[in-house]
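Below is one structure, written out as structure tokens, with a few remarks after it.
The values are calculated or read from the model by the stated rules, or taken from the named source; none is laboratory data. A quick note: this is a predicted structure, and the numbers were derived from the prediction, not measured. Every residue, glycine as well, gets a Cβ built from its backbone with ideal geometry; the counts of neighbours run over all protein chains shown.
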Amino acid sequence: MFTIKGKTTDWEVVIGLETHIEVLSNSKLFSGASADYNPTVAPNTQACMIDVAMPGMLPVLNKYCVEQAIKFGLGINAEISKHSKFARKQYFYPDLPQGYQISQPAEEPPVVGRGWVEIIGDDGNPKKILIERAHMEQDAAKNKHDMHPTKSFVDYNRTGVMLLEIVTFLDTKNPENNSYITSPDEAERYLRQIREIARALGVSKANMEEGSMRADVNVSVRPVGSKTFGTRTETKNMVSFKFIKNAIEYEAKRQVEILENGGTVSQDTMRYHQDDGTTSVLRSKEDALDYRYFPDPDLLELEITDEYIERIRKTMPELPSATRARYVNEYGLSEYDANRLTETVDISHWYDAAVSSKKERAKPVANWMISELFAHPENFDIENQIKENSDPDAPRIITPETLAELVDMIASNEINGKQAKEIFIKMLDGERGTIHEIADKYGMKQITDTGAIEAAVDEVIKNNPSQVEQYKSGKLGLLGFFVGNVMKATKGQANPAMVSDLLKQKLG
């Protein structure tokens, strides 16, 4: 349990997160303009008349964006509302050309209602984090202040791109329910789970570095054991797991200091300062009433059928949590291996393609991927974007089929582990061809012919009579000496297990 030691008592922290993810779609939530606003695109080239709020322009809802919201809702075990509406949320900033944001009102169910995700709590046990809602809304533009010493500019390319705002739930009517976040580490685990689900479903890139995932962090404190929630503050637009954790710790300690000195915490919106990890008041916190929500008169209410929801459900891929459970339960992998192999959807797909439902491949493929392939990402065709070509300097791409062939040849005793590593290194160095072709080319296939191995064993025994006598007199550690000499005599191509067995029989 994360606590802060005060002068008079210990304090616990209660954390709420409002996470915004930008939804992947070709066009924007209410217009046909491109939703691609990456930095290489020229400013104000991806905005149409609707986006910049020209008079008489009417919004039209993007059906695919609704499907993306429903898909994410199913991924977080949420209730999908059959009936919802859009409202105008009033506030005035230069990056909001309409003077309001089209969103889904706080007092009515959005498309995605109450849900939950599971994380590992600070006590090491699974913990459900309740989610109140995930509502659709349009993103704002981007202000630019570094292009001129006295002027600010606005790029409207991002305006109207769909956001999903995912809000955690604090059950104020049931203070015994602790299905909320209680530490900076739990906050990070929750956000990583949200990111994992969004990426796995193809709903969002959820990339904090580029701003397609950001979080507002609500923090309050109360004495340990208290059932009354304290006054919260909200730190806006956090785009780093590290900064989010730092902001929670600083803000919690700041509130404790205020309360222990007899003051009161005011419900403020805070700014986080990255240079020193502190927060300061940005403005007084708005409540829903401050936004003066009213139904958008230009948009029809949204009706969703059970059949439509089920049709979307059937298109959903396996989520990473289910994939991890499958790897552990069906393939016998460790929790560590399962976690490494589900770090991204692309990695788990690559692994599944290499295993190809053959359980005997599961563990060796996992070992090769984690210990070897992850160390050579330039040779790891994880997104199938790099293809081999005639360029001799191009890296040799290891495919799932290539690794499966390598693993199968080891299992069938065609090559041993040492030979497999040598073949793998040659592939990394650019050697072309299949595993069989490379093994043949360099004479790396194992000798499994009993007669040939037996001849080599007999020769080694014959040439080392002194060591034979020592072995027979009890120095069994000399077995390695004999094995090594047989392997040397066969240029490393003999099957080591067969060599060991034959030596034990003949020396025994």
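Just wondering, is there one or more residues in segment 38-46 that are at negative phi and either charged (D, E, K, R) or outside the structural domain of D95 (by TED's automatic domain parsing) (or both)? Before you say what the answer is, go through the steps one by one.
Let us first name the residues in segment 38-46 that are at negative phi, namely 38-43, 45-46.
Narrowing the set further to residues that are either charged (D, E, K, R) or outside the structural domain of D95 (by TED's automatic domain parsing) (or both) leaves none.
The answer is no, given that none of the residues of segment 38-46 is at negative phi and either charged (D, E, K, R) or outside the structural domain of D95 (by TED's automatic domain parsing) (or both).
Got a sec? Which of P149, P105 is out of contact with any Ser or Thr (no Cβ under 7 Å at 6 or more places or on another chain), surrounded by fewer than 21 Cβ atoms within 10 Å (Cβ to Cβ), farther than 25 Å from E301 by Cβ and modelled with pLDDT under 95?
Details: P105 fails: farther than 25 Å from E301 by Cβ.
Result: P149 is the single residue among P149, P105 that is out of contact with any Ser or Thr (no Cβ under 7 Å at 6 or more places or on another chain), surrounded by fewer than 21 Cβ atoms within 10 Å (Cβ to Cβ), farther than 25 Å from E301 by Cβ and modelled with pLDDT under 95.
So which residues in segment 21-56 are crowded, with 18+ Cβ neighbours inside 10 Å and free of Cβ contacts under 8 Å to residues at least 40 places away in the same chain?
S27
Only one residue in E405, E459, E437, E454 is surrounded by 13 or more Cβ atoms within 10 Å (Cβ to Cβ) and in the same structural domain as W350 (by TED's automatic domain parsing), so which one is that? Lay out the reasoning, then the answer.
Working: E459 fails: in the same structural domain as W350 (by TED's automatic domain parsing); E437 fails: surrounded by 13 or more Cβ atoms within 10 Å (Cβ to Cβ); E454 fails: in the same structural domain as W350 (by TED's automatic domain parsing).
Answer to the check: E405.
With respect to I410, determine if the residue is in a helix (DSSP H, G or I), free of Cβ contacts under 8 Å to residues at least 24 places away in the same chain and either under 20 Å from T490 (Cα atoms) or in contact with a Cys (Cβ under 9 Å, 6 or more places away or on another chain) (or both). Walk me through it before giving the result.
On the way: in a helix (DSSP H, G or I): yes; free of Cβ contacts under 8 Å to residues at least 24 places away in the same chain: no; either under 20 Å from T490 (Cα atoms) or in contact with a Cys (Cβ under 9 Å, 6 or more places away or on another chain) (or both): yes.
Against the criterion (in a helix (DSSP H, G or I), free of Cβ contacts under 8 Å to residues at least 24 places away in the same chain and either under 20 Å from T490 (Cα atoms) or in contact with a Cys (Cβ under 9 Å, 6 or more places away or on another chain) (or both)), I410 does not qualify.
Being more than 20 Å from E469 (Cβ to Cβ) and not polar (S, T, N, Q) is the filter here; which residues of segment 494-508 pass it?
Passing the criteria: A494, P496, A497, M498, V499, D501.
Residues that are in contact with a strand residue (DSSP E or B) (Cβ under 7 Å, 6 or more places away or on another chain), closer than 25 Å to L319 by Cβ and free of Cβ contacts under 8 Å to residues at least 60 places away in the same chain: find the strands (runs of 3 or more DSSP E) completely inside segment 115-183 holding 1 or more of those. Quick ask: steps written out before the conclusion?
On the way: elements: 115-120, 126-138, 142-144, 153-155, 162-168.
The qualifying strands (runs of 3 or more DSSP E) are 115-120, 126-138.
Against the conditions (1) touching a Phe, Trp or Tyr at 6+ places or on another chain (Cβ under 7 Å); (2) surrounded by fewer than 20 Cβ atoms within 10 Å (Cβ to Cβ); (3) closer than 30 Å to A325 by Cα, where does I181 fall short? Just the number, please.
(2)
Kindly indicate whether Q101 is within 33 Å of the chain's Cα centre (by Cα), outside any loop (DSSP other than H, G, I, E, B), in the same structural domain as R189 (by TED's automatic domain parsing) and without any contact (Cβ under 8 Å) to a residue 40 or more places away in the chain. Spell out the reasoning first.
On the way: within 33 Å of the chain's Cα centre (by Cα): yes; outside any loop (DSSP other than H, G, I, E, B): yes; in the same structural domain as R189 (by TED's automatic domain parsing): yes; without any contact (Cβ under 8 Å) to a residue 40 or more places away in the chain: yes.
Judged against the criteria, Q101 is a match.
State whether one or more residues within segment 298-307 are without any contact (Cβ under 8 Å) to a residue 40 or more places away in the chain, touching a helix residue (DSSP H, G or I) at 6+ places or on another chain (Cβ under 9 Å), in a helix (DSSP H, G or I) and outside the structural domain of E249 (by TED's automatic domain parsing).
Looking for residues that are without any contact (Cβ under 8 Å) to a residue 40 or more places away in the chain, touching a helix residue (DSSP H, G or I) at 6+ places or on another chain (Cβ under 9 Å), in a helix (DSSP H, G or I) and outside the structural domain of E249 (by TED's automatic domain parsing), one finds none in segment 298-307, hence no.
Closer than 30 Å to D155 by Cα and surrounded by fewer than 16 Cβ atoms within 10 Å (Cβ to Cβ) - does that describe any residue in segment 68-89?
Within segment 68-89, not a single residue is closer than 30 Å to D155 by Cα and surrounded by fewer than 16 Cβ atoms within 10 Å (Cβ to Cβ).
With the condition kept exactly as written, say whether any residue in segment 444-466 is under 30 Å from V355 (Cβ atoms) and without any contact (Cβ under 8 Å) to a residue 40 or more places away in the chain.
Applying the first criterion (under 30 Å from V355 (Cβ atoms)) to segment 444-466 yields 444-448.
Within this subset, residues satisfying the condition of being without any contact (Cβ under 8 Å) to a residue 40 or more places away in the chain are none.
Scanning segment 444-466 turns up no residue that is under 30 Å from V355 (Cβ atoms) and without any contact (Cβ under 8 Å) to a residue 40 or more places away in the chain.
Each row is one residue, and each column tells you yes or no for (1) at pLDDT 90 or above; (2) among the hydrophobic types (A, V, I, L, M, F, W, C); (3) not in a loop (DSSP other than H, G, I, E, B).
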{"position": "D216", "(1), (2), (3)": "yes, no, yes"}
{"position": "T235", "(1), (2), (3)": "yes, no, yes"}
{"position": "K245", "(1), (2), (3)": "yes, no, yes"}
{"position": "I248", "(1), (2), (3)": "yes, yes, yes"}
{"position": "G262", "(1), (2), (3)": "yes, no, no"}
{"position": "V265", "(1), (2), (3)": "yes, yes, no"}
{"position": "V281", "(1), (2), (3)": "yes, yes, yes"}
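Quick one: which of A206, A198 is within 29 Å of F30 (Cβ to Cβ), under 15 Å from the mean Cα position of the chain (by Cα), assigned by TED's automatic domain parsing to the domain that holds E67 and in a loop (DSSP other than H, G, I, E, B)? Before you say what the answer is, go through the steps one by one.
On the way: A198 fails: in a loop (DSSP other than H, G, I, E, B).
It is A206.
Which condition number in (1) surrounded by 13 or more Cβ atoms within 10 Å (Cβ to Cβ); (2) over 19 Å from the mean Cα position of the chain (by Cα); (3) more than 20 Å from E372 (Cα to Cα) is the one that V328 fails?
Of (1) surrounded by 13 or more Cβ atoms within 10 Å (Cβ to Cβ); (2) over 19 Å from the mean Cα position of the chain (by Cα); (3) more than 20 Å from E372 (Cα to Cα), only one is false for V328: (2).
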